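First comes the structure, then the notes that go with it.
The values are calculated or read from the model by the stated rules, or taken from the named source; none is laboratory data. For clarity, every value in this text was computed on a predicted model and none was experimentally measured. All Cβ positions, glycine included, derive from the backbone under ideal geometry; neighbour counts span all protein chains shown. Side chains included, ligands, DNA and RNA excluded: accessible areas come from the protein's heavy atoms. Shrake-Rupley method; radii C 1.70, N 1.55, O 1.52, S 1.80 Å.
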Amino acid sequence: MYAVIRAGGKQYRVAPGDVIRVETQEDKEGRVEFGDVLAVSAEAGSVLPAGSGALVTGEVVEQGRGEKILVFHYKRKKQYKKIAGHRQPFTSVRITEIAFDGQKFTAPELPKKEVKVKKETAAAEPKAEAKSAKPAAKKKTAAPKKSAAKKTSPKKK
């Protein structure tokens with residue numbers, strides 16, 4: 001099961017569970033809907049043009065900016081060069097559902113990550129005591145440097 005959608009002037013082939021990077025999308029509470037569905041395939045080997053009721057839904061995984069692209073302008077023999085950088089903003093979307101003609105194909109839920117609980121602070125206290133129990137090391141001081149005597153050059157007459 002897959003669908004072909006249009007987002008940000010580009011076309012993407014998506015299936016439930018896929019993660020795609022699209023141009024920055026406005027999301028509603030972490031959810032994005034793609035209404036511009038170009039084609040849908042319910043089974044292998046058959047592609048149908050999507051009806052007006054086709055809808056692809058996804059959840060926002062991350063928003064950020066891509067790699068820096070350097071734009072370099074140069075005109076030979078004219079002493080002209082200019083360099084600029086650009087980072088394209090993106091939205092990573094995980095496709096959760098493809099719906100058309102009364103059929104719905106959903107992606108399996110991702111397992112929730114368990115929050116790790118830090119160990120009690122009482123376990124950290126003996127380590128601090130062990131460090132303070134060691135005798136302080138004596139610092140070696142460097143001997144003062146002797147200043148070199150100024151050499152005078154003979155005066156000219």
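Overview of results
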| quantity | calculated |
| --- | --- |
| Restricting the range 34-109 to GluC sites (Glu not before Pro) in coil, as DSSP defines it, with at most 11 other Cβ within 10 Å | 43, 109 |
| Percent accessible area from carbon and sulfur atoms, the range 36-111, protein chains only, probe 1.4 Å | 52 percent |
| Percent of Cα-Cα distances greater than 22 Å, calculated over the range 1-90 | 45 percent |
